[in-house]
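Reviewing the structure listed below.
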Amino acid sequence: PPAPNRSVATGSLGVRARQGVCARHLQRRRASEYVTCAGVGRGCLVRASWLPAVFRQARRPRRWPWPSGGAWLLVAARALLQLLRADLRLGRPLLAALALLAALDWLCQRLLPPLAALAVLAATGWIVLSRLARPQRLPVATRAVLITGCDSGFGKATAKKLDALGFTVLATVLDLNSPGALELRACCSPRLKLLQMDLTKPADISRVLEFTKAHTASTGLWGLVNNAGQNILVADAELSPVSTFRSCMEVNFFGTLEMTKGLLPLLRHSSGRIVTVSSPAGDMPFPCLAAYGTSKAAVALLMDTFSCELLPWGVKVSVIQPACFKTEAVKDMDQWEERKRQLLANLPRELLQAYGEDYIEHLNGQFLHCLSQALPDLSPVVDAITDALLAAQPRRRYYPGHGLGLMYFIHYYLPEGLRRRFLQSFFISPYVPRALRPSQPGLTSARDVAQDPGPKPGPSPTAQ
C-alpha cells in the first residue's frame with residue numbers, strides 16, 4: 001500500500017485526511033495496521049492507531065449480545081421449579097428481584113468478560129431465589145407449645161393459629177373469664193388449655209410450670225412463646241416513677257426469665273424453640289418509653305445469651321421485633337388518658353412546675369396520634385412466631401411490619417443527630433418544657449438557676 005498520510009487532524013466530524021473529511025463509513029483493510037476511509041473524494045489509508053477512540057472501537061470483534069443467556073436459563077429453571085413446588089410466590093418481591101438482575105446483567109455486559117458476567121449473574125440469581133424461597137417447615141405432629149399473655153393481641157391470635165395448625169396449645173391468661181379467654185374457649189379445639197397466670201406472682205408461675213410438666217410428659221414441650229408484656233406509662237424518664245420501671249421489669253424481664261428457666265429442662269430434652277416478643281424500643285431510644293424500652297432491651301439481651309448457651313442442646317432462640325400494631329391495649333384510649341391523669345396527680349410539684357402540664361398533655365397527644373396510625377392486621381407477627389416455631393432454620397431476629405427496615409438503617413448507619421431527629425419526627429415531636437421557654441414571664445431558665453442558685457427578686461415559677 002502507499003505510504004500513509006500522517007497529516008491527520010481530529011475534528012468534530014471524524015478524521016480529516018488530505019483529500020477531505022471522511023465521515024460516511026469505514027471499511028477494514030489490513031485491520032491489524034490500516035483502515036480505508038471512503039468519503040468525499042478519493043479513498044485514503046490511515047493507520048488504525050491514529051484514529052480517535054470512538055472509531056477504534058468499531059474494529060473490535062463482534063461480541064455475543066447476551067453473554068449471560070445461560071445464567072438466565074438457570075435462573076428461570078430454578079424459579080419454575082420453586083413455583084411448581086409452591087416454594088416461591090409470584091409477587092412484588094420476585095418482580096423486584098428480576099428487575100435488579102436485569103440491571104446487573106446490563107452492567108456485567110459492559111464491565112466484565114462474557115464468562116465472568118455469566119458467573120456473576122448466575123451466582124446472584126441463585127442467591128436471590130434462595131432468599132425468596134419459603135423456608136422448609138417441620139411437621140406439626142403432636143408438638144405442644146406454651147404461650148403467655150393470650151388475653152388479647154398477639155397472644156390470642158397466635159393461639160388461634162397454632163391450634164388450627166394442630167398444635168397442643170397451653171395458653172396463659174390473666175383472667176379465665178376475660179373476653180379473650182372466653183373467645184379462645186369458644187372457637188378453639190379441645191387441645192387448647194387455658195391457664196390462669198400473673199407473671200408478677202411466683203405462685204401462679206409455679207402452678208403453670210407444674211401443669212406443663214405433667215401435661216407434656218408423653219409428647220414433650222416443643223416451644224415457649226414469651227408474649228406477655230406491658231407498657232403502663234408514656235413520659236420522660238425523669239417524670240416516670242421508679243415503680244413504673246420496676247413494674248415493667250417485673251413482667252417484661254423477670255417474668256420471662258422465670259418462665260424460660262423453669263421450662264428449659266423440657267425444651268432441652270426436645271431440642272425445642274424459645275420465641276420472645278420484644279420491641280424496637282429495646283434497640284432504639286424512643287422518646288418517653290424509657291421504662292418499657294429498658295425492660296425490652298434487657299429481655300432481648302437475655303435471649304441472645306440463651307441463644308449462645310443453648311446452642312449445644314439444639315434449642316433455637318428467636319426474638320420478634322414488631323412494629324406498632326393495633327392490639328386491644330393500643331386501641332383502649334381510655335386507659336392511656338387515665339394513666340396520664342394519674343401521672344399528673346402524683347407528679348412532684350417541682351417537676352410539674354419545671355415541665356408544665358401542657359408538656360405532658362403534648363406527649364400524651366402525640367403518643368395517641370402515633371397509636372392511631374398502628375397497623376390493624378396482626379398476621380405478620382403471627383406468621384413470624386409460627387415460622388420461628390416450625391422453620392428448620394429459624395432466624396434469630398424477625399421484624400414484622402412496615403418501615404422497620406428503614407428505621408433500623410437510619411439507627412445503625414446515620415449520624416446521631418439524624419437518628420434523634422428521625423425518632424422525634426416519627427414518634428413524638430419535641431416540645432419545650434415550661435422552665436426553658438424564654439417567652440414565659442417570671443420564669444428562670446435552667447442555665448440561670450445552675451449559675452446562680454440563690455434567690456432572685458420577681459415572681460417564682462409557682463405563679464404560673
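Within this structure, Asp198 fails the test of being open to solvent by less than 20 Å² (accessible area, probe 1.4 Å) and charged (D, E, K, R).
If you check Gln335, Gln393, Gln373, Gln342 for being at pLDDT 90 or above, of a type in the set (S, T, N, Q) and assigned by the TED database to the domain that holds Asp163, only one passes: Gln342.
Among the residues making up region 168-192, those that are in contact with a helix residue (DSSP H, G or I) (Cβ under 8 Å, 6 or more places away or on another chain) and farther than 20 Å from Ala144 by Cα are Asp175, Gly180, Glu183. Whenever a residue of region 68-82 is open to solvent by 20 Å² or more (accessible area, probe 1.4 Å), its partners that are among the polar types (S, T, N, Q), lying with C-beta atoms within less than 9 angstrom and at least six residues away or across chains, give the pairs Arg78/Ser130.
With respect to Ala186, is the statement that it is open to solvent by 30 Å² or more (accessible area, probe 1.4 Å), part of a helix (DSSP H, G or I) and modelled with pLDDT of 90 or more true? Spelling it out, Ala186 is indeed open to solvent by 30 Å² or more (accessible area, probe 1.4 Å), part of a helix (DSSP H, G or I) and modelled with pLDDT of 90 or more. Figure legend. Inter-residue proximity from region 391-414: first residues without any contact (Cβ under 8 Å) to a residue 24 or more places away in the chain, second residues outside any loop (DSSP other than H, G, I, E, B), beta-carbon distance below 8 Å, spacing 6+ or different chains. Indicated pairs: Ile410/Leu418; Ile410/Arg419; Ile410/Phe422; Leu414/Phe422. Being under 24 Å from Cys308 (Cα atoms), open to solvent by 60 Å² or more (accessible area, probe 1.4 Å) and among the hydroxyl-bearing types (Ser, Thr, Tyr) is the filter here; which residues of region 369-424 pass it? Selection gives Tyr399, Tyr412. For Leu224, the criteria (1) open to solvent by less than 20 Å² (accessible area, probe 1.4 Å); (2) at pLDDT 95 or above; (3) assigned to a helix (DSSP H, G or I) hold in every case but one, which is (3).
Cβ separations smaller than 6 Å between residues 6+ apart or across chains give the following pairs from region 288-306 residues that are farther than 13 Å from Leu257 by Cβ to residues that are part of a helix (DSSP H, G or I) and open to solvent by 30 Å² or more (accessible area, probe 1.4 Å): Ala291/Phe245. If the condition is being within 15 Å of Leu101 (Cα to Cα) and open to solvent by 40 Å² or more (accessible area, probe 1.4 Å), then region 113-127 contributes Leu118, Ala119, Val120, Ala123, Thr124, Trp126, Ile127. Pairing residues of region 85-109 that are in contact (Cβ under 8 Å) with a residue 12 or more places away in the chain with residues that are open to solvent by 60 Å² or more (accessible area, probe 1.4 Å) and not in a helix (DSSP H, G or I), at Cβ distances under 6 Å and at least 6 apart in sequence or on separate chains, gives Asp87/Arg134. Inclusion of Arg134 among residues that are basic (Lys, Arg) and assigned to a helix (DSSP H, G or I) is not warranted. Where helices (runs of 4 or more DSSP H) sit wholly within region 286-365, those with at least 1 residues that are crowded, with 20+ Cβ neighbours inside 10 Å and among the aromatic types (Phe, Trp, Tyr) occupy 290-309, 349-355.
The values are calculated or read from the model by the stated rules, or taken from the named source; none is laboratory data. Not measured: the values here are computed from a predicted model. Virtual Cβ from ideal backbone geometry, glycine too; neighbours counted across all protein chains shown. SASA here: full protein model, heavy atoms, side chains in, ligands and nucleic acids out. Shrake-Rupley method; radii C 1.70, N 1.55, O 1.52, S 1.80 Å.
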